[in-house]
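Student: One structure is given below, represented as structure tokens, and several questions about it will come after.
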Amino acid sequence: MRKITLSQAVNEALAEELRRDPTTFIIGEDVAEAGTPFKVLSGLVEEFGTERVIDTPIAEPGFMGIAVGAAMTGSRPIVDLMFGDFLFLIMDQLCNQAAKIHYMSGGKLNVPLVVRTNLGATRRSAAQHSQSLHALVAHIPGLKVALPSSAYEAKGLMKTAIRDNNPVVIFEDKLMYNDKAEVPEEEYLIPFGEAAILREGRDITLVATSSMVQVALAAADLLAKDGISAEVIDPRTIVPLDEETILKSVQKTSRAMVIDEGHQSYGITGEIASRISEKAFYHLDAPVLRMGAMDVPVPFSPALEDITVPTPERVAEKARLSVRGELFNAA
Amino acid sequence: MSASDNKHNREDYLRMYRQMVRIRTFEDNANQLYLSAKMPGLTHMYSGEEAVAVGICEALTDSDRITSTHRGHGHCVAKGADFQAMFCELLGKEEGYCRGKGGSMHIADQSHGNLGANAIVGGSMGIATGSALRAKLQKSDDVTVCFFGDGATAQGLLYEVMNMAALWNLPVIYACENNGYSEYTATAEIAAGSITDRARAFGIEAFEVDGQDVLAVNELTRELTGRCRRGEGPFFIELQTYRYHGHHVGDINREYYRPKAEEKDWKESRDPIEKFTQWLTGEGIASTDELEAMKAEISDDAASAVDYALKAKYPETHEVDMHVFAD
Ligand SMILES: Cc1ncc(C[n+]2csc(CCOP(=O)(O)OP(=O)(O)O)c2C)c(N)n1
Ligand SMILES: [Mg+2]
């Protein structure tokens, strides 16, 4: 099968959906000629024109609000938010308005829009351009949240997001734009709420999201060298979350660790770990472990930044202790 | 060039010149560090806009405050920062202004009243206005200058805080550095109407000035800081200027949004340092030799600061969770 980059996969998904559905449009900063700073949208304005690939001033709350209004009245806007960190600027329009309108209207109004943004540290971009803020929006009922971990997922999830009748926030890992993966030529969609089992194993389940999927897979390789067989699960969407696949896996392995690049406290790892503890308690041989980013703003210095996020080595080390029953001795 | 106050002394002129050259030299070195892959991440060059930062900051005292932007090295140098600690910060070293935690886009130097650069476009408008409120509450005569770009005028925050600043007569000067572009888009495409008229709508006196003319910028700012200290603020200045490099150091192929001829024209006929050199020599204030000697000295300073920063050590890893909370 052909291999394309995550960036190309997103570009294809957008192009296909813009072609298919004339009510869709893209709106955001430098999305047209510049094709965004990451060049993900290159070529789209040439095909679809500036009425459907709309450059805005630097006014995130403004264009987010405009997207909500357009969505309520029949469009399907795709909002391009250059950095995930700018979510803080659009929070009112996204969380007080878009997320609640369907519910508040008793199901009469829909807000079918997509916010396409990114996450991920270690790009030396410091505290305001490196955050992984998906937990923040996942907390708000009414918003769906997708976290692709490869070019294949990025394309399939984007197409599903655009066709969904709800506001969806989709986070791409900005360090993965040039990573290639097999992506079929023919059309496909990835349904929301279906996790992928990326590697099968017997001894421990590693549930990893987005940027941390690669970390978990690499950790599984390390563990294999010690004779430990890890199963790696990528939920792909955290709202909705495919609990069933995760729980089934844990029932088999009896151990679990959740890895995510958001801050560890009050975040995704805590949520998924507690669901496993509640619902698979009698199958567990060890406490459910978790590893998120450190609870610190992302530091600029490479010497500090690199230790704030989970690495294959640290994931493997912790998983090893769990499998060997040495967790408490180590504590 | 205008210089109504000709008794304004030679030392002041030469300090302005020195500061402008220091900014240009700092940026040339920072760009080199990027090109030789010695600097982590990206940075936004201030080259071409020196007369703005220097003209304004030379009208301020150390206790007057500024807020800066992602394109902040110029403001930082102009407000009195030291090369060594700046380069250390750019390289993520322990001796940097922020112990390596901030980097290029977050340098702050409170000893000279620099409240910090900001990676959120428009993110400092509230901070600057709050700093002016503090001065008023404290009954001090400190003035705060809020630097931001033309692109940042699209942020709604500006209009919220200008309204309050005007209502409460705060000693703040909003300094809009209009370099014609916001990232990869020309200002005309993202700004409706007149930028200064927006300030005027709040009853704020607004001025337009040639941002390549350091004396004009300085003269206007001295007048406005004086008036701020007498309780007549806030004010708004739009400064026409130009950035010589790309939006950031990695923005090399940029002809699709900015013609080469335009860049050439600004660099060759409106360079702020060149213009000031001609004025200084023309008025007999300094000789070409003196100015060249000053440049050479600054260039040596920068080289040794870079050298020092390259060899300086990174922060210890235990510092990673220091400074999340104040004691
Ligand atoms: C809130 C926010 N939106 C977008 C960006 C991305 N961005 C960084 S600089 C910039 C352009 C700023 O233009 P302007 O204010 O004119 O400043 P200049 O770069 O020209 O100095 C943009 C869009 C950002 N950093 N913050
Ligand atoms: Mg600009």
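Please treat every number below as a calculation from the coordinates, not as lab data. This is a predicted model, so every value here is computed, not measured. Cβ sites come from the backbone with ideal geometry, for glycine too, and all protein chains shown count toward neighbours.
Student: Given a Förster radius of 30 Å and the C-beta distance between A:ASN178 and B:GLU189 as r, what FRET efficiency does 1/(1 + (r/R0)^6) yield to the nearest 0.05?
Tutor: The pair A:ASN178/B:GLU189 has a calculated efficiency of 0.55.
Student: Here's something else I'd like to know. Build a GNM of chain B with springs between Cα atoms under 10 Å: which of B:LEU115, B:LEU90, B:LEU220 gets the top mean-square fluctuation?
Tutor: Largest GNM mean-square fluctuation: B:LEU220.
Student: Then there is this: Over the Cα atoms of the stretch A:30-78, what is the Rg over Rh ratio if Rh follows Kirkwood?
Tutor: Ratio value, two decimals: 0.99.
Student: I would also like to ask the following. Can you tell me the dipole magnitude for the stretch B:1-142 around its Cα centre, using point charges on the Cβ only (Lys, Arg +1; Asp, Glu -1), in Debye to the nearest 20?
Tutor: 200 debye
Student: If you take the charge dipole of the protein assembly as shown about its Cα centre, with +1 on Lys and Arg Cβ and -1 on Asp and Glu Cβ, which of B:THR153, A:ILE276, B:VAL217 is farthest toward its positive end?
Tutor: The one lying farthest along the dipole's positive direction is A:ILE276.
Student: Further question: For the stretch B:183-327, what does the relative contact order come out to in percent, with C-alpha contacts under 8 Å and a separation of six or more?
Tutor: For the stretch B:183-327, the relative contact order is 20 percent.
Student: Using only the alpha-carbon atoms of the stretch A:196-323 as identical scatterers, what base-10 log of I(q)/I(0) does the Debye formula give at q = 0.11, 0.12, 0.18 Å⁻¹?
Tutor: -0.33, -0.39, -0.88
Student: Counting only helical runs of four or more DSSP H residues, what would the 222 nm mean residue ellipticity of the protein assembly as shown come to if each run contributes -39,500 (n - 2.57) and the total is spread over all its residues?
Tutor: Counting only the DSSP helices, I get -12000 deg cm²/dmol.
Student: Projected onto the charge dipole of the protein assembly as shown (+1 at Lys/Arg Cβ, -1 at Asp/Glu Cβ, origin at the Cα centre), which of A:PRO312, A:ALA195, B:ALA135 gives the Cα projection farthest towards the positive end?
Tutor: Working it through, the farthest residue towards the positive pole turns out to be A:ALA195.
Student: In the Gaussian network model of chain A, springs joining C-alpha atoms below 10 Å, which of A:VAL115, A:VAL207, A:VAL296 carries the largest mean-square fluctuation?
Tutor: A:VAL296
Student: Same structure, new question: Hey, got the dipole for chain B? About the Cα centre, +1 on K and R Cβ, -1 on D and E Cβ, debye to the nearest 20?
Tutor: 580 debye
Student: Shape call for chain B from the C-alpha gyration tensor, a ≥ b ≥ c root eigenvalues: rounded (a/c under 1.5), prolate (a/b greater than b/c) or oblate?
Tutor: It comes out rounded by the Cα gyration axes.
Student: Under a cut-off of 18 Å between alpha-carbon atoms, report the lysines in cross-link reach of B:LYS264, not counting same-chain residues fewer than 8 places apart.
Tutor: Qualifying lysines at Cα under 18 Å: B:LYS275.
Student: When ranked by the protection proxy of mean other Cβ atoms within 10 Å per residue, highest first, what sequence do the peptides A:152-163, B:116-127, A:68-79 form?
Tutor: Result, highest mean Cβ count within 10 Å first: A:152-163, B:116-127, A:68-79.
Student: If you bin the C-alpha pair distances of the stretch A:3-182 every 10 Å from 0, what whole percents do you get?
Tutor: 10, 41, 39, 9, 0
Student: Give me the distance between the Cα centres of the stretch A:30-47 and the stretch A:162-238, rounded to whole Å.
Tutor: Cα centroid to Cα centroid, the span is 27 Å.
Student: Over the stretch A:3-182, what is the percentage of antiparallel beta bridges among all DSSP beta bridges, to the nearest 5?
Tutor: 15 percent
Student: For helix A:6-20, what angle does its Cα long axis make with the longest principal axis of chain A, in degrees from 0 to 90 and rounded to 10?
Tutor: For A:6-20 against chain A, the angle is about 40 degrees.
Student: Sticking with this one: Calculate the dipole size of the protein assembly as shown relative to its Cα centre from +1 charges on Lys and Arg beta carbons and -1 charges on Asp and Glu beta carbons; express the result in debye to the nearest 20.
Tutor: 1480 debye
Student: Another question, then. Taking the DSSP beta bridges in chain A as the whole, what percent of them are antiparallel, to the nearest 5?
Tutor: Taking every DSSP beta bridge with both residues in chain A, the antiparallel ones total about 20 percent.
Student: What range in chain B is the longest one free of trypsin sites (Lys or Arg not before Pro) that are in a loop by DSSP and have at most 15 other Cβ atoms within 10 angstrom?
Tutor: Longest gap between qualifying sites, sites excluded: B:39-138.
Student: Something else about it: Based on the alpha carbons, how large is the Rg to Rh ratio for the stretch B:1-149 when Rh follows Kirkwood?
Tutor: My calculation puts Rg/Rh at 0.98.
Student: By how many degrees, 0 to 90 and rounded to 10, does the Cα axis of helix A:312-323 deviate from the longest principal axis of chain A?
Tutor: 50 degrees
Student: Among A:SER130, A:PRO235, B:SER124, pick out the residue whose Cα is farthest towards the positive end of the charge dipole of the protein assembly as shown, where Lys and Arg carry +1 and Asp and Glu carry -1 on C-beta, about the Cα centre.
Tutor: A:PRO235
Student: Once you average over the residues of B:90-99, how many Cβ atoms of partner chains fall within 10 Å of each Cβ?
Tutor: 3
Student: While we're here: Can you give the % of DSSP beta bridges in the protein assembly as shown that are antiparallel, to the nearest 5?
Tutor: 15 percent
Student: Using only the alpha-carbon atoms of the stretch A:262-331, report the extent along each of the three principal axes, biggest first, to the nearest angstrom.
Tutor: Reported extents, whole Å, longest axis first: 44, 24, 18.
Student: Relative to the longest principal axis of chain A, what angle (0 to 90°, nearest 10) does the C-alpha long axis of helix A:211-225 take?
Tutor: With both axes taken from Cα atoms, the answer is about 20 degrees.
Student: Write down the Å³ per residue value for the convex hull defined by the alpha carbon atoms of chain A.
Tutor: Enclosed volume per residue, from the Cα hull, is 132 Å³.
Student: How much of the pair distance distribution for the protein assembly as shown lies past 51 Å, counting alpha-carbon pairs only, in percent?
Tutor: It works out to 16 percent of all Cα pairs.
Student: Evaluate the stretch B:270-327: find the radius of gyration of its Cα atoms, find its Kirkwood radius, and give the ratio Rg to Rh.
Tutor: Expressed as Rg/Rh, it is 1.35.
Student: Note down the relative contact order for chain B as a percent, whole number, built from C-alpha pairs under 8 angstrom at least six residues apart.
Tutor: 23 percent
Student: Let me ask something additional. Can you give me the relative contact order of the stretch A:3-182 as a percent, contacts being Cα pairs under 8 Å and 6 or more apart?
Tutor: Once normalised by length, the contact order is 28 percent.
Student: I've got another one for you. Between B:ALA85, B:ALA51, B:ALA191, where does the largest GNM mean-square fluctuation fall for chain B, given springs only between Cα atoms within less than 10 Å?
Tutor: B:ALA191
Student: Follow-up question, since we're still on this one. Do any of A:LYS174/B:LYS311; A:LYS3/A:LYS174; A:LYS279/A:LYS318; B:LYS79/B:LYS295; A:LYS144/A:LYS180; B:LYS79/B:LYS313 go past 28 Å between their Cα atoms, and which?
Tutor: Too far apart for the 28 Å limit: A:LYS174/B:LYS311.
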